Amino acid sequence: MPHPSTAGDPPAPASRREGMLPPAPAAPPALAALGNATDWVVVAIGATMIVLVFLNVCLHVVGKDLAWVTELAELLMVWVTFLGGACATRRGAQMAITEFIDKTHGGHRRFADAVVDLFALAVLGALVWHGVRLVAASWGNELTVLQIPMSFQYLGMPLGCALMFVWVAWDLWRILRGDARDARWGAGGH
């Protein structure tokens, strides 16, 4: 059953900024805004990393090095990895091994998808829990060059996993209300 707000309605025109991002499945406005904000943060972090690493490579040519660039790029890599995972989860583009689940159809497929989502939620919940504990435990440790708490680097994991949790929970909700796989993900999902 299609989502009531999208049944028979023509697609809304995308804003110029949204056209720059990969398409994402329909979601309530708050979730769509959260997803778009996450996408743009990943774009900004990626652009920052490109500029910083390019700058440091250029400085290496003349025999110079900025140690803080390497440390900041490592910190940003953690963030872009986990936030990028949330962006992929939003689109159903996360890695999946589907040989067995693809053999199921109809209600059996929805049941299997729900079981997978429940397992993913348990794993993500554990990662958020332990990630928050890691962040709390590392406030006293500082990054060597930047001299900021290591917790800022570690915070990317529980935050990214919490965002993934939101998207998996949204998918589970759509499964439970009876949305078919194509309605949930379209052609681009796993």
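Here is a yes/no grid of residues against (1) part of a helix (DSSP H, G or I); (2) touching a Pro at 6+ places or on another chain (Cβ under 6 Å); (3) touching a residue at least 60 places away in the same chain (Cβ under 8 Å); (4) of a type in the set (S, T, N, Q):
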site: 89; (1), (2), (3), (4): yes, no, yes, yes
site: 109; (1), (2), (3), (4): yes, no, yes, no
site: 120; (1), (2), (3), (4): yes, no, no, no
site: 128; (1), (2), (3), (4): yes, yes, no, no
**Message:** Which count do you get for residues in the range 27-69 that are more than 24 Å from the chain's Cα centre (by Cα) and free of Cβ contacts under 8 Å to residues at least 24 places away in the same chain?
**Reply:** 14
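Listed residues 169, 88; which is among the aliphatic types (A, V, I, L, M), in contact with a helix residue (DSSP H, G or I) (Cβ under 9 Å, 6 or more places away or on another chain) and within 26 Å of residue 47 (Cα to Cα)? Write out each step before concluding.
Details: 169 fails: within 26 Å of residue 47 (Cα to Cα).
Only one candidate qualifies: 88.
Got at least one residue in the range 153-165 being among the polar types (S, T, N, Q), surrounded by fewer than 18 Cβ atoms within 10 Å (Cβ to Cβ) and modelled with pLDDT of 90 or more?
Keep residues of the range 153-165 that are among the polar types (S, T, N, Q), which gives 153.
Cutting the leftovers down to surrounded by fewer than 18 Cβ atoms within 10 Å (Cβ to Cβ) gives us none.
Taking every residue of the range 153-165 in turn, none turns out to be among the polar types (S, T, N, Q), surrounded by fewer than 18 Cβ atoms within 10 Å (Cβ to Cβ) and modelled with pLDDT of 90 or more.
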**Message:** Out of the residues in the range 130-152 meeting the condition of being assigned to a helix (DSSP H, G or I) and small (Gly, Ala, Ser), tell me which one is surrounded by the fewest Cβ atoms within 10 Å (Cβ to Cβ).
**Reply:** 136
**Message:** Among the residues of the range 99-107, are any surrounded by 14 or more Cβ atoms within 10 Å (Cβ to Cβ), touching a Phe, Trp or Tyr at 6+ places or on another chain (Cβ under 7 Å) and not polar (S, T, N, Q)?
**Reply:** no
**Prompt:** Any residue at all in the range 70-83 that is at positive phi, over 15 Å from the mean Cα position of the chain (by Cα) and loosely packed, with under 14 Cβ neighbours inside 10 Å?
**Reply:** no
**Complete:** Going through (1) surrounded by fewer than 14 Cβ atoms within 10 Å (Cβ to Cβ); (2) closer than 27 Å to residue 161 by Cβ; (3) not polar (S, T, N, Q) one by one, residue 65 fails only at (2)
**Asked** Within the bounds of the range 6-19, is there any residue that is modelled with pLDDT of 85 or more, exposed (fewer than 14 other Cβ atoms within 10 Å of the Cβ) and either out of contact with any Phe, Trp or Tyr (no Cβ under 7 Å at 6 or more places or on another chain) or over 30 Å from residue 174 (Cα atoms) (or both)?
**Response** no
**Asked** Scanning for something in a loop (DSSP other than H, G, I, E, B) and surrounded by 17 or more Cβ atoms within 10 Å (Cβ to Cβ), does the range 111-118 turn up at least one residue?
**Response** no
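The values are calculated or read from the model by the stated rules, or taken from the named source; none is laboratory data. For clarity, every value in this text was computed on a predicted model and none was experimentally measured. Ideal geometry is used to build each Cβ from the backbone, glycine not excepted, and the neighbour counts take in all protein chains shown.
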